[in-house]
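The values are calculated or read from the model by the stated rules, or taken from the named source; none is laboratory data. These numbers come from a predicted model, not from an experiment. Cβ placement follows ideal geometry from the backbone for every residue including glycine, while neighbour counts extend to all protein chains displayed. Ligands, DNA and RNA are stripped out before the accessible areas are found, and what is left, the full protein with its side chains, is counted by its heavy atoms. Shrake-Rupley method; radii C 1.70, N 1.55, O 1.52, S 1.80 Å.
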Amino acid sequence: MKKILDIKNLTIDFNTYAGRIQAVRNISFSLYEGEILAIVGESGCGKTVTSKSIMRLLPEATAQVNNHSEIIFDGQNVLKLKGKELKKIRGDEIAMIFQDPMSALNPTMKVGHQVAESLLIHTKITKKQAFKEAVQMLKLVGLPMAEKRAHEYPNQYSGGMRQRAMIAIALACKPKILIADEPTTALDVTIQAQIMKLIKTLQADLNTAIILVTHDLGIVAGMADRIQVMYAGQIIERGVREELFYDPQHPYTWALLRSVPKVSQKSKSQLYSITGTPPDLLYPPKGCAFAERCEYCMPICRKDPPVETIISKTQSVNCWLQHKDAPKLNKPSGLKGVIHGQSL
Amino acid sequence: MSKYMLKRLFSMFLTLFVVITIVFFLIRMVPGDPLASMARNLPEQVKANFYAEYGLDKPLITQYFIYMKHLLHGDFGESLVYLGQPIKEIILRAIPPSMVINIHALLWGVTTGIGLGILAAYKRGKWPDHLVMFIAILGVSIPSFVLATALQYLFSVQLNWLPTIGWTSEPGMKQFKYSIMPTIALSFGIIAVYSRYMRASVLDVLNQDYILTAKAKGVSGFSLAYKHVLRNSFIPAITILGPQIAGIIVGSFVIESIFGIPGFGQVYVSAITNRDFTQILGQTVIINALYIFSLFVVDIVYGLVDPRIRVFNK
Amino acid sequence: MKETLILLALISSFYLGGCGDNVKTTKTTKSSTDTRMDAVQELHAFLPAEPKTIDPSKVTGAYGNAVIAKITESLVTVHVGPKSHETIVPAGAKSWTISQDKKVYTFKIRDMQWSDKKAVTASDYAYGIKRTLNPKTGSLYAFLLYPIKNAQAFNSRKAKRDAVGVKVLDDKTLQITLAAPTPYFLQMLTNGAYSPQRKDIVKKFATRYGSRGDSLLSCGPFKIQKWIHGNKIIYIKNSGYWDAKNVHLTKMTFTIVNDENARMNLIYNGNVDLGSVSKPEWIKKFQKMNVFVTRTKYMLGVNYINFNLKSKYFKNVKIRKAFSLAQNREEENHVMYNDHFEPAYGFVARGISANGKLYENEPLKGIKDDPKKLLKAGLKELGLSTKLSKVMIIYLASGTSSWYRHSAELLQQSLQKKLGITIKAEFVEWPVYLDRTQKGKYDFSTSAWSADYNDPNTFLNLFTSKNHVVNTGYSSAKYDALIAKANNSLDQAKRVEILKKAENLLLVNDAVISPSLYRKSFTLIRDYVKGFNPSVIQAYDYKGVYLSGK
């Protein structure tokens, strides 16, 4: 498969009144044509910052991307692009959908126009044609009565319809990459499934690569080809779906999996939750960032950052437990079966 | 739509009726009558004659019904201080000067204020922003009468460029000259308010997700500012525009007094000090009608800009 | 009180000039001997407020009277001669006779015309007077006509119109019969309320009569070209006026300016040719410019303390007198008015004349009694404790602005210092003040009074029992008898003596009020304005004024 996005040594800091927050700490990963890559983690782990940085949507005044960082798309470093070149990529090559469709649509602009807008920017067509195509796009995302609805404003749409419209906007120019940042978090559970299904169908039709940013492993289970788990601004484990679900290596991944509700679970039994809070990224810990919350924490964990251990061609993990001197553990029970709980 | 309109219209008239009634009785509870405009007390006999001539000797409730009856026929009555002058004429005479000054001030103030506000928001934290905010603080903290007097001193007394005070009812160069200083004095505060409002509003909009959406689409520059930022930023500004539309006619007492402009505000305040009952009531009716109407207009304009609150759609 | 002060200050701008030695003209300008008239004779001045009406029967204040004076010809007018000596001279009446008993005046009306070319007749004067007196007119100054026989009765609906002592003997002869000999009657005729009026015009305009510039005719030196309400009044010379050759100004523009600073700027800039100034700092500034003639004159007004004779302490005359003697008039003049007024030891304002001479009487001058002793004696008489620190009296101020607070503070301090008691001040708005004092709900307060006509009676008549204009609760048969006796007296010299006796009774024996200051006014006139010579009280018609060297 062809690599279409290559991220190397991405480091992003935020300058705040309190100090410098190290939101993303030297991560590298690639995206391949037509695949769905899920970035999973708790809120504040840097997954949204990472995704926004790909489109250069971070506030320039506060967000500082390290000079050594590279985001290579189509042979060029996105981080170095200016004006027109950047404009060319945004919306046309890479598109994005946001978490809250309520606020992500311009309230004073007809939805049809909002969809048509990117077409007008990136293709040479008339306003009329663009609007027509926008209606087609809205039909494609399953918006009922798209011709009429295209003339309406976002406030006249339901939440699900808005997210469909967002998808229409994002896919209008048939981008090579779609970044979906928690696309269903703000929606009802029933709508969530519909939207995810829509994204998956369209992805298959348009052969778009997707970066799916989410905190919800349940969603990931049904969608992602590959998964990377982020914690405190770093990628701590990555692998193809099956590896991550059937053979997770990092205690944080274990904890994440255990906290997903399962169909088989008895309604009264309490859901697993991870104790403690993620570290303060103003002052990231010297050793493993997860050490403070880790049930299997060893002295070395607090002292030195763990190195990456390659498990397979596709799977790797950053954890001291992989060290040859580390005690051999039995993985906690209750991990298996998660994947079956979700409809694939 | 028509049902809504009717309901709205009815509540407008009801509000007006209640206000008139309250004001009618309230001003009578305050000590003093039109003769309090005299610097001295007068012999009982001439006072009695005056009250009888102007119907002030009748029971208050009778006076109220007489007044309401006349009002229903569109008759505001006659001034009790400027004897023989119909209220309608006094009001009609007072409106044009106020309107000229206030329209000038509003147009100048709102456009400048909005422009400065946008500039400040886009240059946030840089010197244009600091300058605009400095102007805004001055505009809010310097009372208009201080500015007015300062302007008079500078442009009339020192430089002798503009007439100190005065007014002419004929539009033209002379009227324009008379209107310059009051316009500046009045618009300064408006600029301050609108620049602050607009700055805050633009900054707020710039933080909205739909701006990210637009950027993610590749929208940039003028198109982003115009279609996505400004249109949404205008909404809060429109809310404060409402009372100001009414203010166009109602005018500003202080400025009108300092520059000798025979406008609505000046007339109203003197009516209150003079206890000119019919005059106070007449102007109260006009002011309230204007405010109620302007809020109505604002609702409509609001809807034009912001589809979320479009009241006539369904 | 605030309004009073302002009004009094404003009156001065129309009643410019003076009487006897009371006008002091300070020349602070380059000397100009050029008396040739300029080609352009257009005067610019200001009015501090819009006239409420110019209907001569309804007019109430100085502003309205100022307009009427310019456009109507009163029966008689005041001529101001050398040394500001004032004499009554013919105007609308070319001559008159007075009966032996001083009660019947017969006027021969001059041949003159209204601005619509119709002749002015005796009937026009008679109609004007009777219209003012008609209760249905609701005239507030009708009381100025009460000296006429049956006038008060007609005004009070107790007599018929025909009973009023005003008769038209023929087209050009008017006879007025008085109820009692009134030595100042001719003086009173200069008031607008006595103006001739045209019945057809009054009927034509009905309630609008006098509310617009074009709603009444002129028979005076000027006519109104335009009255733009709230803005300005423009006069032009009335070419049909009988004495047009002595009217030099072709146009006068009076801009209406409510704001004092704006008015001062107009004077400073030369946008107006003259104007009255009340603030000492402005007077000083203008005088330094060396282009003004300053006219100082008595305003025929007096500030005074009035006691409520029905209140706990002031029902006692000794306590009232103690207050009167304790008052520090010099200090008040200095602190509040920069010594621009004059301490008053009499109630009849300085500048008032009687029997052709200045009326001078200051009964409180030279009384050396100890106010504290008087106060204690008074308290004893009332059967109250003489412990002065326990006495608390409330002063009612007629305004709430800082000026009133300042002046009340001063009064409190000086009274407390001299009397050793506690004075508290209560501040209310003017209409509330009027209401409270009328109903007698106060201990003591300050007031001002200005003359309606140039005679001591305009002051002294206020405190007769029948007069309820100022409610002190004072009622003295002795005082009433003195005033009546004076006004029925045919011997002028004797009359003045009786009036002085009455004033002494009012201020010393009964101590009903305590005068504080005589008011004065200042008018600054550009030195190119010539012939400006108004009388002490009549509204000025600007007849002899001209510009030379503007």
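Quick look at the numbers
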item: Carbon plus sulfur fraction of accessible area for the protein assembly as shown, probe 1.4 Å, in percent; result: 57
item: Average Cα contact separation per residue, chain C, under 8 Å, 6 or more apart, as relative contact order %; result: 23
item: Shielded by partner chains, region B:181-215 residues - at least 40 Å² of accessible area, 1.4 Å probe, vs chain alone; result: B:ASP209, B:TYR210, B:LEU212, B:THR213, B:LYS215
item: Pairwise burial B:A, computed as accessible area of each alone minus the pair, summed, 1.4 Å, Å²; result: 2100
item: Restricting region C:307-414 to trypsin sites (Lys or Arg not before Pro) in coil, as DSSP defines it, with at most 15 other Cβ within 10 Å; result: C:LYS310, C:LYS312, C:LYS365, C:LYS368, C:LYS387
item: Per residue accessible area of chain A, 1.4 Å probe, in Å²; result: 47
item: Summed residue charge, Cβ within 14 Å of B:THR112's Cβ, Lys/Arg positive, Asp/Glu negative; result: +2
item: B:ASP129 accessible area, assembled protein chains, probe 1.4 Å, Å²; result: 10
item: Low-density loop cleavage sites - chymotrypsin sites (Phe, Trp or Tyr not before Pro) in region B:70-119, where at most 13 other Cβ are within 10 Å (DSSP); result: none
item: Interchain or long-range residues, amide H under 5 Å from A:GLN234's placed H; result: A:ARG25
item: Inter-part distance where region C:249-274 and region C:81-122 are each reduced to a Cα centre, Å; result: 33
item: Using a Förster distance of 35 Å, the FRET efficiency for B:SER169-B:VAL297 (Cβ separation, nearest 0.05); result: 0.80
item: Solvent-accessible area per residue, Å², over region C:49-252 with all protein chains present [probe radius 1.4 Å]; result: 37
item: Sequence-distant residues sharing a close amide H with C:ILE148 (under 5 Å, placed H); result: C:ALA179
item: Straight-distance crosslink candidates among lysines, where the alpha carbon sits under 21 Å from C:LYS485 and sequence neighbours closer than 8 are dropped; result: C:LYS102, C:LYS103, C:LYS149, C:LYS357, C:LYS466, C:LYS494, C:LYS500, C:LYS501
item: Karplus-derived 3J(HN,Hα), 6.51/-1.76/1.60, for each residue of region C:500-516, Hz, glycine and proline x; result: 5, 4, 4, 5, 4, 4, 4, 8, 9, 5, 9, 6, 6, 9, 10, x, 10
item: ³J(HN,Hα), Karplus 6.51/-1.76/1.60, whole Hz, each residue of region C:348-357, x for Gly, Pro; result: 5, 4, 5, x, 6, 10, 8, 6, x, 10
item: C:LYS390-C:GLU331 FRET efficiency (beta carbon distance; Förster radius 25 Å; 0.05 resolution); result: 0.45
item: 1.4 Å probe, heavy atoms, protein only - residues of region B:165-179 losing at least 50 Å² accessible area vs chain alone; result: B:ILE165
item: Residue-count net charge about C:ASP111 - beta-carbon cut-off 9 Å; Lys, Arg +1, Asp, Glu -1; result: +3
item: Residues with amide H under 5 Å from that of A:GLU35, placed H, sequence gap 5 or more; result: A:ILE210
item: Two-site FRET efficiency, C:ALA163 against C:GLU409, from Cβ-Cβ distance with R₀ of 45 Å, rounded to 0.05; result: 0.25
item: Contact surface B-C: accessible area buried, both sides summed, square angstrom, 1.4 angstrom probe; result: 4100
item: Label-point separation in nm, A:ASN66 to A:ASP188, each point 7 Å along Cα→Cβ; result: 4.6
item: Cross-link pairs beyond the 28 Å C-alpha cut-off, checked among C:LYS315/C:LYS373; A:LYS139/A:LYS176; C:LYS136/C:LYS478; result: C:LYS136/C:LYS478
item: Global form of the protein assembly as shown, assessed from the alpha-carbon gyration tensor, a/c cut-off 1.5; result: prolate
item: For region B:205-246 versus region C:515-550, the gap between their alpha-carbon centres in whole angstrom; result: 64
item: DSSP-assigned coil residues among trypsin sites (Lys or Arg not before Pro) in region A:1-90, each with at most 16 further Cβ atoms within 10 Å; result: A:LYS2, A:LYS82
item: C-alpha center-to-center spacing [region C:450-475, region C:275-338] in angstrom; result: 19
item: 1.4 Å probe, heavy atoms, protein only - residues of region A:57-95 losing at least 50 Å² accessible area vs chain alone; result: A:LEU57, A:ARG90
item: Relative contact order (percent, whole number), chain B, Cα cutoff 8 Å, 6+ residue spacing; result: 28
item: Test item: C:259-272 mean partner chain Cβ contacts at 10 Å; result: 5
item: Relative contact order (percent, whole number), region C:484-550, Cα cutoff 8 Å, 6+ residue spacing; result: 19
